[in-house]
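Reading through the structure tokens given below for one structure.
The values are calculated or read from the model by the stated rules, or taken from the named source; none is laboratory data. Computed from a prediction, not measured in an experiment: that's the story for all the values here. A quick note on method: Cβ atoms are made from the backbone with ideal geometry, for glycine too, and the neighbour counts reach across all protein chains shown. The accessibility values were calculated without ligands, DNA or RNA, using every heavy atom of the protein model including side chains. Shrake-Rupley method; radii C 1.70, N 1.55, O 1.52, S 1.80 Å.
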Amino acid sequence: MNQTSDFLKNTAATLLCIIAMAAPFYLNHQPDFERLISFGSIAIIALFSLQRRQILPLLLLIVFIKLLQFPISYFLKTLDTALVYYLCSALIDLVMAFCIVHYHDDTALLKLFRAKRQGYVPQVYLMALLLAFSSLIACLQAMEYVIYTMDPSFYGKSKPWIYEHQHAIKLTLKTLFELSIWALLLDPNRWKILQKIQNKFLAP
């Protein structure tokens, strides 16, 4: 009975994950629906994770980060120069990565959800890695902007590479980050890649 229940649960989670991952590609010009799907995904993951309550504080942090994106995005759009915009974006991504890594197992948050600390959550470091990569991309864009400002002819007739492909890069990173959230449903003890990440951070 338990095996059947687990199978149905895993199948439902997989189907919902596929739908959530595919939706942004069809709702590319409807950000409100994308945000709704993103928050809905987190709610579904939380529902499926009631037996692994230790990841609920992390989901709360992710919700908080996503809510902060609205005022942060507005603030960045008010900046005068693209250079400051890129550097602020890079810094914000690093701050978010730091918060996820260092506070996902905070004692107060665990107590709030009546959860016990049960070691590291490997998926946390995948999220932090994606945010760090996003920060790196923003820094490279800042470099492109500085080079272009100093010498507009440096790139010739072509546009800076990251600037030209920024939409595809951002969409890819966003999709991977959402996928890493869904990966919280995976049991680290059953996936070698998660075991390797977990062993790396558990190693003395």
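Tabulated values for the structure
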{"read-out": "Residue match in segment 112-129 (condition: open to solvent by 70 Å² or more (accessible area, probe 1.4 Å), of a type outside the set (Gly, Ala, Ser) and touching a Lys or Arg at 6+ places or on another chain (Cβ under 7 Å))", "value": "yes"}
{"read-out": "Condition check for residue 77: closer than 26 Å to residue 187 by Cβ, more than 14 Å from the chain's Cα centre (by Cα) and open to solvent by 90 Å² or more (accessible area, probe 1.4 Å)", "value": "no"}
{"read-out": "Yes/no for residue 170 being in contact (Cβ under 8 Å) with a residue 60 or more places away in the chain, part of a helix (DSSP H, G or I), of a type outside the set (Ser, Thr, Tyr) and surrounded by fewer than 16 Cβ atoms within 10 Å (Cβ to Cβ)", "value": "no"}
{"read-out": "Hits in segment 145-177 (condition: under 30 Å from residue 23 (Cβ atoms) and among the acidic types (Asp, Glu))", "value": "164"}
{"read-out": "Criterion violated by residue 163 - all others in (1) open to solvent by 50 Å² or more (accessible area, probe 1.4 Å); (2) aromatic (Phe, Trp, Tyr); (3) at pLDDT 85 or above satisfied", "value": "(3)"}
{"read-out": "Tally, over segment 130-167, of residues that are of a type outside the set (Val, Ile, Thr) and touching a residue at least 24 places away in the same chain (Cβ under 8 Å)", "value": "13"}
{"read-out": "Number of positions in segment 26-61 that are among the aromatic types (Phe, Trp, Tyr), farther than 25 Å from residue 122 by Cβ and touching a helix residue (DSSP H, G or I) at 6+ places or on another chain (Cβ under 8 Å)", "value": "1"}
{"read-out": "Selection count, segment 173-201, where residues are part of a loop (DSSP other than H, G, I, E, B) and either crowded, with 17+ Cβ neighbours inside 10 Å or modelled with pLDDT of 70 or more (or both)", "value": "2"}
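Let's see how each residue does on (1) open to solvent by less than 40 Å² (accessible area, probe 1.4 Å); (2) part of a helix (DSSP H, G or I):
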{"site": "13", "(1), (2)": "yes, yes"}
{"site": "17", "(1), (2)": "yes, yes"}
{"site": "50", "(1), (2)": "no, no"}
{"site": "55", "(1), (2)": "yes, yes"}
{"site": "58", "(1), (2)": "yes, yes"}
{"site": "65", "(1), (2)": "yes, yes"}
{"site": "68", "(1), (2)": "no, yes"}
{"site": "71", "(1), (2)": "no, yes"}
{"site": "88", "(1), (2)": "yes, yes"}
